[in-house]
Every structure is written in C-alpha cells, then in structure tokens.
Amino acid sequence: MRSFLSKTRRYNLVVLFAILSLVTVEIPVQHFVDLGRFQHYAIAVGLFAFGYVAQTIFSWKELSRWARFTYLITALFFGSMGMVFYYNPWLDFKMRLPSPEREATRSFIIYSYMTMSVIMGGIWLKLAHEESKEKQQLFAENSD
C-alpha cells in the first residue's frame, strides 16, 4: 500500500477531491438550501478544480514545469466551468423555455468548452510525451 501511495503521490489530492465532489453530487443539497441543479453541480465541479490547485501547491517542487502548467490549466478549466454553472442556473434545460438570446449564449458556452477541452487534451498529451521522454532519458542513463 505504501509503494502505491508513493507512486501516485502526484495525484492523491486530485483523487481525494474527485471523491469529495462525487459525494457532493450525491448529497441532496437542494432539500436544505435553495439551489438549482446546475448550481449543485457547480459546487462539485469547483471542488474538483480545487483538488488540482491543492495538488499543484503541495507538489510544486517535484512537478515539472509542464506538469504545473497542466494542473493549473485543468484547475482553471474546471473552476471556470463551475463558475459558469453556478452563476447561470438558467442553462438547465428543465428550468423554462429559454429566450433566443439565452439559447445563443448557451450554444456559445457549449462550443467554447468543447474547444477548450480539445486544447486541454492536447496539453495533457504534451505532458505525457514530456514525461515519457524524461523516463527514457533516465532509463538510458541508468543502463549505461
């Protein structure tokens, strides 16, 4: 168990906050506080984003520059998604019939996040490539 935790230490807080966000989704907060469904989801997504920020802070010295950048970009992505959901509860299709202006805004938000997720995927691929190169160099140095 200890070796598993040491191998995954760069992701421990992210996993912890992911579990917390899943628990938050399952707790029926709307029974106690006046929140819309998307606002409830926004709290969970915000917790997940905070996990990346916390992991970056606590692992700063052992993370490469690309890893720091990737974690912070991921936190920014999910944090902004949480903010958009929290401050725009009308995005929920079940709320009421949207006006044409809100429908256009909803489409813009969807396409923006789709584009950002593709860019973020590319950044994660770049991180994986950089870490793979580092491991190959380390392996080559150790085998000599």
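The values are calculated or read from the model by the stated rules, or taken from the named source; none is laboratory data. All of these numbers come straight from a predicted model, not from anything done at the bench. Every residue, glycine as well, gets a Cβ built from its backbone with ideal geometry; the counts of neighbours run over all protein chains shown.
Summary of computed values
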| read-out | value |
| --- | --- |
| Meets criteria (over 16 Å from the mean Cα position of the chain (by Cα) and surrounded by 15 or more Cβ atoms within 10 Å (Cβ to Cβ)) for residue 96 | no |
| Those residues of segment 24-46 which are farther than 21 Å from residue 77 by Cα and surrounded by fewer than 16 Cβ atoms within 10 Å (Cβ to Cβ), in sequence order | 26, 27, 28, 29, 30, 31, 32, 33, 34 |
| Any hit, segment 42-52, residues being modelled with pLDDT of 90 or more, assigned to a helix (DSSP H, G or I) and among the β-branched types (Val, Ile, Thr) | yes |
| Of all residues in segment 58-83 being over 12 Å from residue 48 (Cα atoms) and free of Cβ contacts under 8 Å to residues at least 12 places away in the same chain, the one that is surrounded by the most Cβ atoms within 10 Å (Cβ to Cβ) | 60 |
| Single condition residue 89 does not satisfy, out of (1) modelled with pLDDT of 90 or more; (2) surrounded by 12 or more Cβ atoms within 10 Å (Cβ to Cβ) | (1) |
